[in-house]
Every structure is written in structure tokens, then in C-alpha cells.
Amino acid sequence: MAGEDDTQRAAAVCDNCGTAHAVRLGPDGEIRPIGTGQGSGCTCGDGTLRIMSDDTAVLEDVEMEES
């Protein structure tokens, strides 16, 4: 059984609403928001979370939405 020591903290963004979340990334790749009680999804109820790998990717996403 995986313990909390096997998880990593990360930031993730919702593909639907664009909000950022603090998450725990499990050894099996499961993304779980910290402190929301919403399971593995976004609090908007209709989105998949993806790990933000670097600031450049996030800024590119925002610039594309504004155009």
C-alpha cells in the first residue's frame, strides 16, 4: 500500500475552467487536489486536471485564450 511519503506535491490546471490547484501526485500517476474533497477532479465538476510542467506552458495557454 502506498503511503503519503510516496506522493509528490505539484500544481495542476483544470482543462475545463483553467483554475490552478495544489495537488498530490501519487506513484501511480493519480492526481488528487489538496483540501478540496472533490476526489481526483476539479471543483468545477467538469474538468480534468493536468500537471503544470513549467511556467512557459501555462503562459502560452493564457495568451492563446486571450487572442
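No lab work stands behind these numbers, since they all come straight from the coordinates. Since the model is a prediction, treat every value here as computed from it, not as a measurement. No Cβ is skipped: glycine too gets one built from the backbone with ideal geometry, and neighbour counts run over all protein chains shown.
How would you rank 26-35, 7-16, highest first, on the average number of other Cβ atoms within 10 Å across their residues? Don't skip to the end; give the middle numbers.
Working: 26-35: 12.3, 7-16: 15.3.
Packing proxy ranking, top to bottom: 7-16, 26-35.
For each of Leu49, Leu25, count neighbouring Cβ atoms within 10 Å of the residue's Cβ, then give the residues from fewest to most.
Fewest-to-most Cβ neighbours within 10 Å comes out as Leu25, Leu49.
Counting Lys +1, Arg +1, Asp -1, Glu -1, what net charge surrounds Cys42 among other residues with beta carbon under 11 Å of its beta carbon?
-1
Between Asp6 and Arg50, 0.36 nm times their residue separation minus their Cα-Cα distance comes to what?
The span from Asp6 to Arg50 would gain 13.9 nm if fully extended.
Amide H of Thr48 versus every other amide H placed in the peptide plane: which residues, excluding those fewer than 5 positions away on the same chain, fall under 5 Å?
Those qualifying (amide H under 5 Å, at least 5 residues apart or on another chain) are Asp15, Asn16.
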